[in-house]
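Nothing in this text is a laboratory measurement; each read-out follows from the coordinates by a stated rule. Every value quoted in this text rests on a predicted model; they were computed, and no experiment measured them. Backbone-built Cβ (ideal geometry, glycine too); neighbour counts: all protein chains shown.
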Amino acid sequence: MNEITITLPDDLHLHFRDDDMLGETVPATARCFGRAIVMPNTVPPVRNAAEAQRYKERILAARPAGSNFEPLMTLYLTDRTTAADIAEAAKAGIKAVKLYPAGATTNSDAAVTNIDALGPVLEALEANNMLLLVHGEVTDAHIDIFDREKEFIDQRLGPITQRYPNLKLVFEHITTKDAADFVLSAGANIAATITPQHLLLNRNDLLVGGVRPHNFCLPVLKRNTHQQALREVVATGSNKFFLGTDSAPHEQSKKENACGCAGCYSAWAALELYTQIFDDLGALDKLEGFASFHGADFYGIPRNKGSVTLIKESWTLPESITLPNGRPIIPFMAGSEVEWKIKSINN
Ligand code: DOR
Ligand code: ZN
């Protein structure tokens, strides 16, 4: 197949950041996604409905002229989040909250230190039909970084899903066969997002021949058997897995650094890269479900009305992009050839 038309997709996990960075990140995503679930780990984080509303207005102001792109806002759970915060968020139309174990990733220092104390918040989420979005890694210093997702399943996710059997939960950016198997064997209220980097790369792409800071993200890339398991699970077309890029911009100087930040800025090529992956897997017929249906259905929002057409034509990703503040950022897969290209968008 050399051309494919799918319903306009949604990116159900990304990081826009804030202020002048929005001038870069919002157009990059609005070019081909109908909606996006916007992660709340800004500085300061988005902790309540009023903060989410103000952040949403800043995002809307950064949309290109004529764009119908819709940001879907989330809250950042802290040890101080209350059931009343959740009820208020539900009333304001907020669909989901994000659970970061404190210290797990970028700007997660103010997040949850005691997951066991979250009971009233999780009950309020269940009662208000809101989703819990989970960064699934333990943070215990003695647990090897490559085992942190698996440990989280055993220590945390298993018990939470048993205790709150009706809670809708998205296991975000899964990286292991263990996570894919957990989601497959769980009830219909448990789903997962998968990023382009975890489908395209494994830890060799991070470490062989030198450290490649632009492939560093969290959860960290795993061994190739896990990459293979993720590729197999998306190729099945299971509706428990959907598109979430985790596009996460950091300036070049913050990535190429003695203590480099985690995150791949993939927004300018994510849809094209996912299309390439499904093509490689011989599963282009499963792309639309993954990109445009499964996530919307899981969130309980209508599928988008528009469509996007991609053609098999190669193009080269830029080596660098200049941010609104004048500083450079290196996009994910910078300088690489991408085999699929967006031909037209009907929205
Ligand atoms: O690689 C990542 N970058 N993983 C995360 O969990 C957060 C994100 C960011 O905000 O930079
Ligand atoms: Zn993320």
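Annotations
- 13 Å cut-off, amide nitrogen to a point 7 angstrom out along residue 259 Cα→Cβ, residues in the stretch 30-60: none
- Pairs of alpha carbons in the stretch 52-124 whose separation is greater than 16 Å (percent): 56
- The C-alpha radius of gyration of the stretch 246-314, expressed as a fraction of 2.2 N^0.38 Å, stands at 1.43.
- P(r), alpha carbons of the chain - 10 Å bins starting at zero, rounded %: 6, 27, 38, 25, 5, 0
- Exposure proxy for 319, 151: other Cβ atoms within 10 Å of each Cβ, ordered fewest to most, give 319, 151.
- Residues in the stretch 72-77 carry Karplus couplings, in order, of 10, 8, 10, 10, 9, 6 Hz; the curve used is 6.51 cos²θ - 1.76 cosθ + 1.60 with θ = phi - 60°, and Gly or Pro positions show x.
- The share of alpha-carbon pairs in the stretch 213-347 lying farther apart than 26 Å comes to 30%.
- A Förster distance of 25 Å, applied to the separation of the beta-carbon atoms of residue 163 and residue 224, puts the FRET efficiency at 0.10.
- Potential lengthening of the chain between residue 346 and residue 57 amounts to 101.5 nm, from the contour at 0.36 nm per residue minus the alpha-carbon distance.
- Taken about its Cα centre, the chain carries a charge dipole of about 480 debye when Lys and Arg each add +1 at the Cβ and Asp and Glu each add -1 at the Cβ.
- Within a straight-line Cα-Cα reach of under 17 Å, residue 56 can be paired with the following lysines, leaving aside sequence neighbours fewer than 8 residues apart in one chain: 91, 95, 98.
- Loop-resident trypsin sites (Lys or Arg not before Pro) (DSSP state other than H, G, I, E or B) in the stretch 41-93 with no more than 10 further Cβ atoms inside 10 Å of their Cβ: 80.
- Binning the alpha carbon pair distances of the stretch 1-123 at 10 angstrom intervals from zero yields the distribution 13, 41, 30, 12, 3, 0, expressed in whole percent.
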